[in-house]
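Right, one structure below, let's go through it.
The values are calculated or read from the model by the stated rules, or taken from the named source; none is laboratory data. Model, not experiment: these values are computed from the prediction. Note that we place each Cβ from the backbone using ideal geometry, even for glycine, and neighbour counts take in every protein chain shown.
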Amino acid sequence: MHNVLIVDDHPFFLHGFSQYVESSGNFSITTALSVGEAIEKLEEKKPDLAILDVAMRRGGGFKVLRHIRRYCPTVPSMFLTVHVDPEQTIEAMRLGISGIALKDTDPETIISAMETVLSGGKWFDTKVTESALRFSIDKPGRTLRSNDLLTRREAEIVKLVCQGLRNRDIAARCNLAEGTVKIHLNSIFRKLGVASRSELIVQQGGLKAAQAHAATSDTEY
């Protein structure tokens, strides 16, 4: 059974959703109504998953997320919220969020998303990622602050991915073997906390993100 921390400052929603999740029989639920209480529960309970609302008083879900990344980096986290704007989505990905779901999503889908994240995967509502992708296209030249974690070669490959190039094209451009490009991409994904090329494009706001999203499959690593 997984211990899940759910953080939301709306008592009615927090109570109802927690009861629903717990009734599935697969989760033990801990709740917090504020940022301060959430941080206390993180230290006390060491949850397997943290589910956070974005819009809360005194820093909201982002303050909790930053605390998790700094002090509890092994705890995966999700946003469960009414609304998240594109810039927030990109910032959450920068901070290593593992999933974003909207509160109007079918509860069974949310539970499925939780299970995906708990198993080490990523789950993002398509409406959220599509909005962030459009924002990235409209705001070209945005770069991820985590780029200082990348080698010069990795940064070059990120740029080419965001231009819509496939692995074989990147290999030809960089005078590398295609297998070497895949190794570099594995390192890039790990360092930047993404699981697919689409997530990488959303984070980076590539100049040709639309073409990349259409032309490049996430199954190509």
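Out of all the residues in the stretch 47-55, is one or more of a type in the set (Asp, Glu), under 22 Å from the mean Cα position of the chain (by Cα) and closer than 16 Å to Cys72 by Cα? Walk me through how you get there before you give the answer.
Going through the stretch 47-55, the residues of a type in the set (Asp, Glu) turn out to be 48, 53.
Next, only the ones that are under 22 Å from the mean Cα position of the chain (by Cα) stay: 48, 53.
Right, trim to closer than 16 Å to Cys72 by Cα and you get 48.
Yes, the conditions are met somewhere in the stretch 47-55.
Do you know which residues across the stretch 113-128 are crowded, with 20+ Cβ neighbours inside 10 Å and in contact (Cβ under 8 Å) with a residue 40 or more places away in the chain? Lay out the reasoning, then the answer.
Filtering the stretch 113-128 for residues crowded, with 20+ Cβ neighbours inside 10 Å gives 113-114, 117, 124-125, 128.
Matches in the stretch 113-128: Met114, Val117, Phe124, Val128.
Restricting to the stretch 56-74, give me the number of residues that are in contact with a Leu (Cβ under 7 Å, 6 or more places away or on another chain) and touching a residue at least 40 places away in the same chain (Cβ under 8 Å).
Residues meeting the conditions: 2.
Among the numbered criteria (1) in contact (Cβ under 8 Å) with a residue 40 or more places away in the chain; (2) charged (D, E, K, R); (3) at positive phi, which one does Asp53 miss?
For Asp53, the failing item is (3).
Pick out, from the stretch 115-221, the helices (runs of 4 or more DSSP H) lying fully within it that include 2 or more residues that are at pLDDT 90 or above.
Answer list for the stretch 115-221: 152-162, 167-174, 178-192.
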